[in-house]
1. Once you order the gyration tensor axes a ≥ b ≥ c over the Cα atoms, which shape class does the chain get: rounded for a/c under 1.5, otherwise prolate or oblate by comparing a/b with b/c?
2. Mind jotting down the distance between the C-alpha centroids of the range 228-266 and the range 291-326, whole Å?
3. Quick one: work out the % antiparallel among DSSP beta bridges in the chain, nearest 5.
4. Which shape class, rounded, prolate or oblate, goes with the range 227-335 when its Cα gyration tensor gives a ≥ b ≥ c as root eigenvalues, a/c under 1.5 marks rounded, and past that a/b bigger than b/c marks prolate?
5. Tell me, what ³J(HN,Hα) does each residue in the range 251-260 have, in order and in whole Hz, if you take phi through Karplus 6.51 cos²θ - 1.76 cosθ + 1.60 with θ = phi - 60° and put x for Gly and Pro?
6. Within a Cβ distance under 14 Å of Thr11, other residues only, what is the Lys/Arg minus Asp/Glu net charge?
7. Would you work out the charge dipole size for the chain about its Cα centre, treating the Cβ of every Lys and Arg as +1 and the Cβ of every Asp and Glu as -1, and quote it to the nearest 20 debye?
8. Using a Förster distance of 22 angstrom, determine the FRET efficiency expected from the C-beta separation of Val180 and Thr99, and round it to 0.05.
Amino acid sequence: MERDQPGKRFTSLEICAGGGGLALGLEQAGFDPVLLLDNRPVACATLRENRPGWDVRETDLLDFDPVDDQQVYDVDLLSAGLPRLKAAAAVARTRDSNTEVDLVKATIMLMHGVQPRALLVDNVPDLVTSDSYMHLRSFIEDELTHLGYACRWLVLNAADYGVPQDRKHGFLVAFKGGLVRTFDEPPAVQASHLTVGCTLHDSMASRGWHGAREWARQADRLAPTLVGGSWERGGADLGPTGSKKAWARIGVDGGTIDDEVPPVDFQWIPSGGRSGMIRLTVDQAALLQGFPTSWHFAGRKTARYRQVANAVPPPLARALGTAIAGTLGASVKPV
């Protein structure tokens, strides 16, 4: 998918930008970032490679002071693709310091200095729905209310916006003043969901594999949620045990990521175990996330996969960004 034609454009500051899924979708919806922050060199390299004109800063959110970058003051949107909070069950088991919670709070405190017209925060659905995060939601709402913002909490499934995954995201959307009353949740973009087979058939057949059509025909469902895993340990795989079992049901080995798609003579025999299953590549994972083929990821295989799987799918970001842009645009009175 190429960028939308120029029209009404808005400004944004993006923090924890990662591999660019949120920023790309927002760009397609009409938002041009004045600054993007991420603390990982490989993510910054990805952003710079794809958008040389963007101002990308390698820095930790906890170290960022907007007084040094006053171009971010009063932007239209502050967007944040924050690291995933722990699942509700994990929260109940630990009392350790939680860096992810600290980053959520730092994002809200950044609103004091930046004062954007709107805020968009992406995270896990539990942030929106779980009692484990009730106190964090209260903190967020209290701080934003003090600053003159009103909030909406949303859980959206990327599958409803053209992404062939059963992938739910939790979002916080906030607007200054009374604009939140005119904000509408983005409608689903299609009546039926894309399937894994439909999305990946051409890629699977690109080296002449004779079994590509047979495999694609039976891969007639949504993919389970791609999981990036920890940056600190392990290699790339498609997710936890339940996800691997779901992948196995369509003949995919979810325990690893391959360098290339199947060759012409590959023998697909899923009943024979992992050796008879196909393996996805990083580029195929990116297709399942809704990235265009023109978007390239920097780094080695595991780092590339983590950027892909941890991203907000661009079509989901675009749909939400379009809804936010519509609210902001409607509030601008003609001169």
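1. Numbers: a/c = 1.86, a/b = 1.65, b/c = 1.13.
It is prolate, given that a/c is not under 1.5 and a/b is the larger ratio.
2. Cα centroid of the range 291-326 versus Cα centroid of the range 228-266: 19 Å apart.
3. On the way: 15 of 35 bridges.
Expressed as a percentage, antiparallel bridges in the chain total about 45.
4. Numbers: a/c = 2.59, a/b = 2.44, b/c = 1.06.
Since a/c reaches 1.5 and a/b is larger than b/c, the shape of the range 227-335 is classed as prolate.
5. Computed from phi, the couplings for the range 251-260 are x, 10, 7, x, x, 7, 10, 9, 8, 9 Hz.
6. On the way: positive: Lys8, Arg9, Arg117; negative: Glu14, Glu27, Asp32, Asp55, Asp69, Asp74, Asp76.
Local charge sum for Thr11: -4.
7. Numbers: 35 positive and 40 negative charges, 166 e Å.
So the dipole magnitude of the chain works out to roughly 800 debye.
8. Details: r = 29 Å, r/R0 = 1.33.
Once the sixth-power term is evaluated, E becomes 0.15.
Coordinate-derived values only; no laboratory data. Keep in mind it's a predicted model, so treat the numbers as computed, not measured. Because the Cβ atoms are built from the backbone with ideal geometry, glycine has one as well, and the counts that use them run over all protein chains shown.
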